[in-house]
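For reference, the structure is listed below as structure tokens.
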Amino acid sequence: MLHLGKDLFSGPARELLDRRGELVVEAEEATQLDVVARLAREAGYPVTQEDHSLRIVCPASFAEALDRRAREVGATHIAIRTKEASLEELFLAMLKGDH
């Protein structure tokens, strides 16, 4: 993927899509969301809180490790689902340098 003559990405399309997914984490208790947010930030991923859920920009493969770590520290009532970014979202993130 090129922009203004600069190489933004080179590789298989699947690798591009895997780079910019999101996890959406929901929990009934705010304290459990706080635990998950801390774990995600410690792993180096940006977290945004929205009402009773979190959005974590990370590869989908992080879901399993996040779930395991959360359960180890007592956050047992959480639901994690993946959301893949569209190609347009990926391109715009790369233009902003957010990749």
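The values are calculated or read from the model by the stated rules, or taken from the named source; none is laboratory data. This is a predicted model, so every value here is computed, not measured. Note that we place each Cβ from the backbone using ideal geometry, even for glycine, and neighbour counts take in every protein chain shown.
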Do you know which of the residues in the stretch 47-75 that are among the basic types (Lys, Arg) and part of a helix (DSSP H, G or I) is farthest from the chain's Cα centre (by Cα)?
ARG71
Failed item in (1) at positive phi; (2) modelled with pLDDT of 90 or more, with GLY11 passing the rest:
(2)
Over the stretch 80-91, the set of residues modelled with pLDDT of 95 or more and surrounded by fewer than 18 Cβ atoms within 10 Å (Cβ to Cβ) is none
Scan the stretch 15-40 for residues that are more than 16 Å from ALA79 (Cβ to Cβ), surrounded by 12 or more Cβ atoms within 10 Å (Cβ to Cβ), modelled with pLDDT under 95 and not hydrophobic (A, V, I, L, M, F, W, C) and report the count.
4
For ALA43, are the conditions met, namely being out of contact with any Gly (no Cβ under 7 Å at 6 or more places or on another chain) and either on the phi > 0 side of the Ramachandran plot or at pLDDT 95 or above (or both)?
yes
Could you give every pair whose Cβ atoms fall below 6 Å, whose first residue belongs to the stretch 72-83 and is within 18 Å of SER61 (Cβ to Cβ) and in contact (Cβ under 8 Å) with a residue 24 or more places away in the chain, and whose second residue is among the polar types (S, T, N, Q) and not in a loop (DSSP other than H, G, I, E, B), counting only separations of at least 6 or pairs across chains?
ILE78/GLN32
